[in-house]
Amino acid sequence: MKVPYFSPMLSLVAILPFRGRAFACRGGDGLFVGCTRTRTSTTTSNRTTSSTIKRNPFMTTLSLTSSSSAIQLAEKDITHSYTDFEVHSPVGKDGEGLYAASTKGCFDVIDAATPAVLCAVDAIPTSRDTSSVFSIADYGTADGGTSLGLMAKIVEAVRSRSSENREILINYEDQRENEWKSVFNHILGFKTVTDAYGNVLKTPRTDPTCGIFVSACGVGFHDQAFPSESVDLGISFTAMHWLSRDPKSLKGTPYMHSAQCPEGSSFGIEECIQAQKDWVSILQARSKELRSGGRLIIANFCKSKEGYFLGNTDIGASMWESFQTCWDQLANDGLIDDEERFAVSFPNYYRSTEECISSVEEVDGLNLVECVERVVRCPYREAWTNGNIERRTAREQAEWFVPTTRTWSESTFKSALKSHQNKDVIMDQFWSNYVGLVERDPAFHGMDYVHTYLVIEKE
């Protein structure tokens, strides 16, 4: 039986302090507010974080007057040997589509971006051309399931503007270890995808003669993945926070993720520096790939001006504190030692809105059309608290929610374990600990999404 999910609440909107023309339009469940932008400088506002996780009482913090001075110190004095690494290992068997099945919040994130995507299609000059192939690129697609419904809407929009027989190429991009079998199972219709409301999403490629062509690229989005001037529309959702290289600078510190680190401290500086370099590289690669007049829509995890970030907002427990509690329990039970207890260091970074904007301005040929900051509430917690689904037991709710945190984080936790360990057994116990924690009070646990939504145009 299909169960209805909640309607996503877009609860945070920030209008950024820069010169340009303000706009507001209604879409989805809330008022979409933002700005069009000219190329001007911006001032980064100070942020604070409410995280108070204590992991290692013997660590000290270097107090600095500002985050910019911390970055300057790190660039000058901190060195690290980087090596290529696998950023993220998919969970589950390739072909099963576990990511899309377990990550219902991503559907809501994409739903929130859909009006901007369809507006972008309308603004692309080549969307009116009936003679050429319209090329779409989905960067960091994972198993391709969460963007499937949007792909169908894009195809419909392009063909409504040009010709119902317009040929369209869908390019999927992700790392070479991606769930490629799942991608093709979804887009070719061999695996059913249901969205955050329990609705079955149909693939735009209805049959081999429908004029929809599909390709896949295993070159990471930090580099150029497609030929120059070959992409009309680029999209990316909840992907570009992953770093190209892993500083591992948070090993042995009180923090698992750089977003938890206090403003002005020395913690997480290497992740910040790498993220800045990566973001410029990402944008430079997209600038090469996009055709003139093409558009790029990106939903990036961010740290908001209020200090909110993924799983850490104004509602409920911090997901990161819950992670720490359950990881510490492994040490208390003798399953990991102290070195492993403090070895978790996530190789990603949640850029502030200001960081996203300033880097766009550094890349020739790109213009920022609009930028909006939003929170999308956790559908699992909302379904529990709002009674929008048939009532589950607390245990069932915990078992339903926890996998959405596991799909993207397990590989990082597992990498903190020593090679002699039975890693799968320990990880199963870790997630069992988390299920037990959520079961005590399901309404207190969720994973809110905090993003900047950017629309970028190629000149």
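The values are calculated or read from the model by the stated rules, or taken from the named source; none is laboratory data. None of these values were measured; they are calculated from a predicted model. For neighbour counting, all protein chains shown are included, and Cβ atoms are generated from backbone atoms with ideal geometry for every residue, glycine included. Note: areas computed on protein heavy atoms with side chains; ligands, DNA, RNA excluded. Shrake-Rupley method; radii C 1.70, N 1.55, O 1.52, S 1.80 Å.
Out of E382, E370, one residue alone is part of a helix (DSSP H, G or I) and either out of contact with any helix residue (DSSP H, G or I) (no Cβ under 6 Å at 6 or more places or on another chain) or without any contact (Cβ under 8 Å) to a residue 60 or more places away in the chain (or both). It is E382.
Give the stretch 281-300 a look and list any residue that's open to solvent by 10 Å² or more (accessible area, probe 1.4 Å), out of contact with any helix residue (DSSP H, G or I) (no Cβ under 9 Å at 6 or more places or on another chain) and part of a strand (DSSP E or B), or say none. Result: no residue meets the conditions.
Determine if the stretch 260-280 includes at least one residue that is assigned to a loop (DSSP other than H, G, I, E, B) and within 18 Å of the chain's Cα centre (by Cα). Within the stretch 260-280, none of the residues are assigned to a loop (DSSP other than H, G, I, E, B) and within 18 Å of the chain's Cα centre (by Cα). Looking across the stretch 385-406, the residues that are outside any helix (DSSP H, G or I) and at pLDDT below 95 come down to G387, N388, I389, E390, R391, R392, T393. For the stretch 306-360, taking the residues that are of a type in the set (D, E, K, R) and under 22 Å from the mean Cα position of the chain (by Cα), the one that is farthest from I273 (Cα to Cα) is identified as D314.
Selection within the stretch 418-440: residues that are loosely packed, with under 14 Cβ neighbours inside 10 Å and in contact (Cβ under 8 Å) with a residue 24 or more places away in the chain. The member of this set that is farthest from K251 (Cα to Cα) is R440.
Look at the stretch 326-366 and say how many of its residues are of a type in the set (G, A, S) and either in a helix (DSSP H, G or I) or open to solvent by 20 Å² or more (accessible area, probe 1.4 Å) (or both). Of the residues in that region, 4 qualify.
The residues of the stretch 142-173 that are assigned to a loop (DSSP other than H, G, I, E, B) and touching a residue at least 60 places away in the same chain (Cβ under 8 Å), listed by number, are A142, T146, S147. The residue that is least open to solvent (accessible area, probe 1.4 Å), among those in the stretch 129-141 that are part of a loop (DSSP other than H, G, I, E, B) and over 21 Å from K181 (Cβ atoms), is S132.
Residue pairs whose Cβ atoms lie under 7 Å apart, separated by 6 or more positions or on different chains, with the first residue in the stretch 398-417 and closer than 23 Å to A383 by Cα and the second surrounded by fewer than 20 Cβ atoms within 10 Å (Cβ to Cβ) and of a type in the set (D, E, K, R), are A398/E439; W400/R392. Somewhere in the stretch 153-170, is a residue of a type outside the set (A, V, I, L, M) and on the phi > 0 side of the Ramachandran plot? The answer is no, given that none of the residues of the stretch 153-170 is of a type outside the set (A, V, I, L, M) and on the phi > 0 side of the Ramachandran plot.
Return the residue satisfying two criteria in turn: it lies in the stretch 367-402 and is open to solvent by 10 Å² or more (accessible area, probe 1.4 Å) and of a type in the set (G, A, S), and of such residues it is farthest from Y449 (Cα to Cα). The qualifying residue farthest from Y449 (Cα to Cα) is A394. One residue stands out in the stretch 81-110 among those that are charged (D, E, K, R) and surrounded by fewer than 22 Cβ atoms within 10 Å (Cβ to Cβ): the one that is modelled with the lowest pLDDT, namely D84. If I go through the stretch 187-244 residue by residue, how many of them are in contact with a Pro (Cβ under 7 Å, 6 or more places away or on another chain) and surrounded by fewer than 18 Cβ atoms within 10 Å (Cβ to Cβ)? Result for the stretch 187-244: 1. Scanning the stretch 193-225 for residues that are touching a His at 6+ places or on another chain (Cβ under 8 Å) and over 29 Å from E164 (Cβ atoms) returns no hits. The requirement of being in contact with a Phe, Trp or Tyr (Cβ under 7 Å, 6 or more places away or on another chain), assigned to a loop (DSSP other than H, G, I, E, B) and more than 16 Å from V133 (Cβ to Cβ) is not satisfied by F190. Among the candidates F226, F221, the residue that is part of a loop (DSSP other than H, G, I, E, B), within 30 Å of R159 (Cα to Cα) and under 18 Å from the mean Cα position of the chain (by Cα) is uniquely F221. Selection of first residues in the stretch 308-329 that are at pLDDT below 95 and of second residues that are part of a helix (DSSP H, G or I) and open to solvent by 10 Å² or more (accessible area, probe 1.4 Å), restricted to Cβ pairs under 7 Å at least 6 apart or on distinct chains, gives an empty result. Selection of the stretch 301-321 for residues being crowded, with 23+ Cβ neighbours inside 10 Å and farther than 17 Å from E355 by Cβ yields G311, N312, T313.
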